[in-house]
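These notes are about the structure you will find just below.
The values are calculated or read from the model by the stated rules, or taken from the named source; none is laboratory data. All figures in this text were calculated on a predicted structure; none of them were measured in a lab. Here Cβ is always computed from backbone atoms with ideal geometry, including for glycine, and neighbour counts include all displayed protein chains. Note: accessible area is taken over every heavy atom of the protein model, side chains too, but ligands, DNA and RNA are not part of it. Shrake-Rupley method; radii C 1.70, N 1.55, O 1.52, S 1.80 Å.
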Amino acid sequence: MQGPTAPPPQFVPQMSAQPFAVDPGGIRRCLYRNTYVWLVNGQQFWFFPTFVGPNSVAGYRWFGFRWSYFGIDLRIIRSFTCF
């Protein structure tokens with residue numbers, strides 16, 4: 001699959017409470033949807049997931065002007081929300 005063809009939404013959603021750990025089943029519902037991700041190190045960004053594995057998620061991260069392929073270990077995701 002190609003990456004998204006349009007930029008993500010222009011807003012930053014409010015972080016909601018999440019369980020202690022992000023599980024593959026929880027983030028799987030966000031496949032092929034604009035998803036906002038907060039990491040445990042404080043980074044936050046728009047993400048467009050295209051693959052969910054047992055311990056990681058991969059897809060396209062928005063870098064302010066373009067999408068780029070990117071993978072994340074589920075253990076470093078603090079919270080996420082998809083649209």
When residues of segment 20-34 are limited to those that are in a loop (DSSP other than H, G, I, E, B) and closer than 12 Å to Phe51 by Cβ, the one least open to solvent (accessible area, probe 1.4 Å): Cys30
Every pair of residues 6+ apart whose Cβ atoms lie under 7 Å, when the first sits in segment 26-54 and is more than 14 Å from Ser79 (Cβ to Cβ) while the second is among the aliphatic types (A, V, I, L, M) and open to solvent by 80 Å² or more (accessible area, probe 1.4 Å): Thr50/Met1
Val40 vs. criteria open to solvent by 60 Å² or more (accessible area, probe 1.4 Å) and hydrophobic (A, V, I, L, M, F, W, C): yes
Meets criteria (assigned to a strand (DSSP E or B) and either out of contact with any strand residue (DSSP E or B) (no Cβ under 7 Å at 6 or more places or on another chain) or surrounded by 15 or more Cβ atoms within 10 Å (Cβ to Cβ) (or both)) for Phe65: no
Among (1) surrounded by 17 or more Cβ atoms within 10 Å (Cβ to Cβ); (2) assigned to a strand (DSSP E or B); (3) hydrophobic (A, V, I, L, M, F, W, C) - the single one Phe51 does not satisfy: (1)
Conditions (1) closer than 18 Å to Phe70 by Cβ; (2) touching a strand residue (DSSP E or B) at 6+ places or on another chain (Cβ under 8 Å); (3) among the polar types (S, T, N, Q): number failed by Thr5: (2)
